[in-house]
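Peer 1: Sharing a structure with you now.
The values are calculated or read from the model by the stated rules, or taken from the named source; none is laboratory data. Computed from a predicted structure; not experimentally measured. Here the Cβ positions follow ideal geometry from the backbone for every residue, glycine too, while neighbour counts run over all protein chains shown. Side chains are part of the model used for accessible areas, which takes the heavy atoms of the whole protein and leaves out ligands, DNA and RNA. Shrake-Rupley method; radii C 1.70, N 1.55, O 1.52, S 1.80 Å.
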Amino acid sequence: MNKGLKPGIYFNLSNEDYHNDPAISCSGVKQLLDCPKKYWWNSSFNVNKEPLDTKALRMGRLYHGLLLEPEKFEDEFLVLPKGKLVKSYLKERGLEADDVSHLTQIREPDIKDAQQAIKEIQDDPFYKDWFKGGYAEVSIFWEDLETGLMCRCRFDYLNEKFADDYKTTADVADVKRSVAKYGYNLQSAIYLRGLASLIAGDNIFISGDAGQKEWFKSFKENLSGDFKFRFLFQEKTVPYISRSITLANDILEPSTKVFENALNIYLTNFKEYGKEKWGSGYNKIEEITLFDMPSWWGIGLEE
């Protein structure tokens, strides 16, 4: 139905190849739950889909690149001097737009802030060993047994005890609200589900070099019930404060049910529309009650 890469673990899969695969991702799950038409519009079914490129996404790639794969920086980023137009910059260097189309464009001032933020993590004794002993940008593809749908997830960093996900934020004191607002509970549940589904298989396909294959063999043999998915949040401004959290089972278990519901929403819409444009999503008239409104709004109404 949504066939792409076969089930397995992929160590060296490019970011582009990962995102172009039709398997259902965490962001896809959130779109399915929000509005199926929104999912279709951003899926491989839509032949007119345009790549999404915003400053927020570019900055996210920058911070992740500096922290997780600094050795690949020059192969993935184009640093533009402050105030310099892209066309004039390329002309000065005798380059064409196609020569750098695969690179993420970043301005020099943004680089400096990101470098300082990452240095704070690297110099912090608490975090200094977090990104060692494993691999960055590890992709997992698996077939959901109940629905037969292919799903995917991509770990920022995977080692034998933790799966780490790095996120920047305006205020680390507000991470609980961020979990609720951005559905990070779903991400944690889906990623752990994907890893468990992969580990459950006997003949696991591994795309990687000899060292990576040997590492995964050891990872599978030594995986214990103490394995955690943890988030590392860091503020984007001085002094770049960091905070890490994990989510308890009383959050993860119902979140897994929500994931299953999203897959069933996919099946329902695919059965009705196939690969053609899915319905409006909000195809009924809804009545909103006081219970549905924010609590602060209700207080104001009573006054």
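Peer 1: Need one number: nm distance between label points at residue 245 and residue 113, each 7 Å from Cα along Cα→Cβ, rounded to one decimal.
Peer 2: Simple spin-label model gives 2.3 nm for this pair.
Peer 1: If I model a spin label at residue 17 and residue 264 as a point 7 Å from the Cα along the Cα→Cβ vector, what separation in nanometres do I get?
Peer 2: Simple spin-label model gives 3.6 nm for this pair.
Peer 1: Among 236, 38, 55, whose mean-square fluctuation peaks in a Gaussian network model of the chain (Cα, cutoff 10 Å)?
Peer 2: Ranking 236, 38, 55 by mean-square fluctuation puts 55 first.
Peer 1: Once label points are set 7 Å from the Cα along Cα→Cβ at both residue 174 and residue 146, what is their separation, rounded to one decimal in nm?
Peer 2: It is 3.4 nm.
Peer 1: Sticking with this one: Write down the Å³ per residue value for the convex hull defined by the alpha carbon atoms of the chain.
Peer 2: Taking only Cα atoms, the chain has a hull volume of 189 Å³ per residue.
Peer 1: Separate question: Can you give the relative contact order of the chain as a percent, counting alpha carbon pairs under 8 Å and 6+ residues apart?
Peer 2: Numbers: 381 pairs, mean separation 77.8, N = 303.
The normalised contact order for the chain reaches 26 percent.
Peer 1: Rounded, prolate or oblate for the stretch 34-145? Axes are the square roots of the Cα gyration tensor eigenvalues, ordered a ≥ b ≥ c, and the cut-off for rounded is a/c under 1.5.
Peer 2: Taking the square roots of the gyration eigenvalues as a ≥ b ≥ c, the stretch 34-145 is oblate.
Peer 1: Be a star and scan the stretch 11-29 for residues whose amide nitrogen sits under 13 Å from the point 7 Å along the Cα-to-Cβ vector of residue 61.
Peer 2: 14-20
Peer 1: Let me ask you something else. Tell me which residues come under 5 Å, amide H to amide H, from residue 163 once H is placed; ignore anything under 5 positions away on its chain.
Peer 2: For residue 163, the qualifying residues are 228, 229, 230.
Peer 1: Only Cα pairs within less than 10 Å get springs; with that Gaussian network setup on the chain, which residue of 104, 54, 237 has the largest fluctuation?
Peer 2: It is 54.
Peer 1: With springs connecting C-alpha atoms under 10 Å apart, model the chain as a Gaussian network and identify which of 274, 60, 83 has the largest mean-square fluctuation.
Peer 2: 83
Peer 1: Taking 20 Å as the cut-off for C-alpha to C-alpha distance, list the pairs among 3/55; 3/49; 132/217; 55/176; 167/236; 55/84 that go past it.
Peer 2: Going by Cα-Cα distance, 3/55; 55/176 fall outside the 20 Å limit.
Peer 1: Any idea how far the Cα center of the stretch 1-49 sits from the one of the stretch 128-187, in Å?
Peer 2: Centre-to-centre distance over Cα atoms comes out at 16 Å.
Peer 1: Under 1.5 on a/c is rounded, so check that first for the stretch 192-275, then, if it is not, pick prolate when a/b is larger than b/c and oblate when it is not; a ≥ b ≥ c are the square roots of the alpha carbon gyration tensor eigenvalues.
Peer 2: It is oblate, given that a/c is not under 1.5 and a/b is not larger than b/c.
Peer 1: Let me check I've understood the local charge: for residue 38, count other residues with C-beta under 13 angstrom from its C-beta, Lys and Arg +1, Asp and Glu -1. What total comes out?
Peer 2: +3
Peer 1: To the nearest 500 deg cm²/dmol, what mean residue ellipticity at 222 nm is calculated for the chain from DSSP H runs of n ≥ 4 alone, each contributing -39,500 (n - 2.57), summed and divided by the residues?
Peer 2: Calculated from helices alone, the mean residue ellipticity at 222 nm is -13500 deg cm²/dmol.
Peer 1: Checking the a/c ratio against 1.5 first, then a/b against b/c, what shape does the Cα gyration tensor give for the stretch 128-279?
Peer 2: Oblate shape, in that a/c is at least 1.5 and b/c is the bigger or equal ratio.
Peer 1: Tell me, what % of the accessible area of the chain is carbon and sulfur with a 1.4 angstrom probe?
Peer 2: Details: 9160 of 18020 Å².
Reported share for carbon and sulfur atoms: 51 percent.
Peer 1: Relative contact order for the stretch 199-303: what percent, with Cα pairs under 8 Å and sequence separation of 6 or more?
Peer 2: Values: 31 pairs, mean separation 11.3, N = 105.
Result for the stretch 199-303 is 11 percent.
Peer 1: Report the FRET efficiency, 1/(1 + (r/R0)^6), for residue 277 and residue 27, where r is their Cβ-Cβ distance and R0 is 22 Å, rounded to 0.05.
Peer 2: Computed FRET efficiency for residue 277 and residue 27 comes out at 0.65.
Peer 1: Hey, another quick one. Kindly work out what percent of the DSSP beta bridges joining two residues of the chain are antiparallel, to the nearest 5. Numbers along the way, then the final one.
Peer 2: Numbers: 18 of 33 bridges.
Around 55 percent antiparallel, to the nearest 5.
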